[in-house]
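Structure first, then comments.
The values are calculated or read from the model by the stated rules, or taken from the named source; none is laboratory data. Bear in mind that the values here come from a model prediction, so they are computed numbers and not experimental data. In this analysis, Cβ positions are derived from the backbone assuming ideal geometry, glycine residues included, and neighbour counts consider all displayed protein chains. We work out accessible area using only protein heavy atoms, side chains counted, and drop any ligands, DNA or RNA first. Shrake-Rupley method; radii C 1.70, N 1.55, O 1.52, S 1.80 Å.
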Amino acid sequence: MTFISRRDLLKRAAIVGAAAASADGARAEGARAFQAGDSATAVGEPERAALHESGLHAHEAAREPLENLTATEADLLEAICARLIPTDANGPGATEARAAHYIDRALGGALSLSRQAYTAGLAALERYSRSSRGKPFTELTPIDQDSVLIDVETGAATGFTGSSAAFFALVLNHTHQGTFGDPYYGGNANFVGWDLIGYPGVRTMVSAADQQRLEKNDLKTNHKSAYDYESFTKAQANLSRRSSDEKGA
């Protein structure tokens, strides 16, 4: 399988993404890459109703307000993200990084072009889980959840508009963004993603001594977002967000 227990690969691949994650471009790229797929999978209320009627149960405990996903969609996405980058002996995963929260938030902004793809894809995945495994995805064992996701990844899962593999790639990409991106965007909570891959944090200046420590993997993390520096302010980020939203409208 290509998405479970690949923490070493994630460390190598995510370093590049984390270094550039302070800009909106990483998030916008995911939306642009799937724009064509969105047109093929865009659906309206019938697909949303199908997910509601599937019987997924929302958490009964108090939860923070969602920005774009429904409660049932959010529960299913949380379970998927938890298997894509699982919590294990190596450390926290997508759950602790709040990758699903990042996706929910971004679907109203830079990833808005993917909103209908999530509506259709999550409903299709839930139907496939019930038809092929006899249970809602959130009620399956981790092993069975992995087997469902492998079917989705390889395109073997049925009931999707287009290839299920395209939906899998979309969610995996966004889960990576939510785990290893700048915390300002709603994921990588408490810098757990950066700690996981050994990313020392955003720095505007790196001394020769810092570079030497970095090469020895001895540079201590500063747990700083790009927006902790005056040169890249939250006001600029908000302006960039609005510009991205307008382009996606």
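Do we find that S147 is out of contact with any His (no Cβ under 7 Å at 6 or more places or on another chain), among the hydroxyl-bearing types (S, T, Y) and either open to solvent by 20 Å² or more (accessible area, probe 1.4 Å) or assigned to a loop (DSSP other than H, G, I, E, B) (or both) in this structure?
Details: out of contact with any His (no Cβ under 7 Å at 6 or more places or on another chain): yes; among the hydroxyl-bearing types (S, T, Y): yes; either open to solvent by 20 Å² or more (accessible area, probe 1.4 Å) or assigned to a loop (DSSP other than H, G, I, E, B) (or both): yes.
Considered against the rule, which asks whether it is out of contact with any His (no Cβ under 7 Å at 6 or more places or on another chain), among the hydroxyl-bearing types (S, T, Y) and either open to solvent by 20 Å² or more (accessible area, probe 1.4 Å) or assigned to a loop (DSSP other than H, G, I, E, B) (or both), S147 comes out as yes.
Give all pairs with beta carbons closer than 7 Å in which a residue from region 200-212 that is open to solvent by less than 80 Å² (accessible area, probe 1.4 Å) meets a residue that is basic (K, R); count only pairs at least 6 apart in sequence or on separate chains.
These pairs meet every condition: P200/K220; G201/K224; V202/K224.
Quick one: in region 216-244, which of the residues that are open to solvent by less than 90 Å² (accessible area, probe 1.4 Å) and hydrophobic (A, V, I, L, M, F, W, C) is modelled with the highest pLDDT?
A226
In region 75-90, what residues are touching an Asp or Glu at 6+ places or on another chain (Cβ under 7 Å) and open to solvent by 10 Å² or more (accessible area, probe 1.4 Å)? Give the derivation first.
Kept after step one, since they are touching an Asp or Glu at 6+ places or on another chain (Cβ under 7 Å), are these residues of region 75-90: 76, 83, 87.
Selection gives R83, T87.
Tally the residues that are assigned to a loop (DSSP other than H, G, I, E, B), at pLDDT below 95 and open to solvent by 30 Å² or more (accessible area, probe 1.4 Å), restricting the search to region 155-188.
3
Starting from residues that are charged (D, E, K, R) and in a helix (DSSP H, G or I), keep the ones in region 88-105 and report whichever is farthest from T70 (Cα to Cα).
The first filter runs over region 88-105 and keeps only residues charged (D, E, K, R), leaving 88, 96, 98, 104-105.
Right, trim to in a helix (DSSP H, G or I) and you get 96, 104-105.
Values: E96: 20, D104: 9, R105: 12 Å.
For region 88-105, the residue satisfying everything is E96.
Does F191 fit the bill of being on the phi > 0 side of the Ramachandran plot and open to solvent by less than 40 Å² (accessible area, probe 1.4 Å)? Break it down into steps so the answer makes sense when it comes.
Details: on the phi > 0 side of the Ramachandran plot: yes; open to solvent by less than 40 Å² (accessible area, probe 1.4 Å): yes.
Yes, satisfied.
Go through the residues of region 199-215 one by one and say whether even a single one is hydroxyl-bearing (S, T, Y) and either modelled with pLDDT of 95 or more or assigned to a helix (DSSP H, G or I) (or both). Break it down stepwise before answering.
Taking region 199-215 and keeping what is hydroxyl-bearing (S, T, Y), we get 199, 204, 207.
Checking which are either modelled with pLDDT of 95 or more or assigned to a helix (DSSP H, G or I) (or both) leaves us with none.
No.
Looking at T138, is it under 18 Å from G178 (Cβ atoms), open to solvent by 10 Å² or more (accessible area, probe 1.4 Å) and not in a loop (DSSP other than H, G, I, E, B)? Steps first, please.
Numbers: under 18 Å from G178 (Cβ atoms): no; open to solvent by 10 Å² or more (accessible area, probe 1.4 Å): yes; not in a loop (DSSP other than H, G, I, E, B): yes.
For T138, the condition - under 18 Å from G178 (Cβ atoms), open to solvent by 10 Å² or more (accessible area, probe 1.4 Å) and not in a loop (DSSP other than H, G, I, E, B) - is not met.
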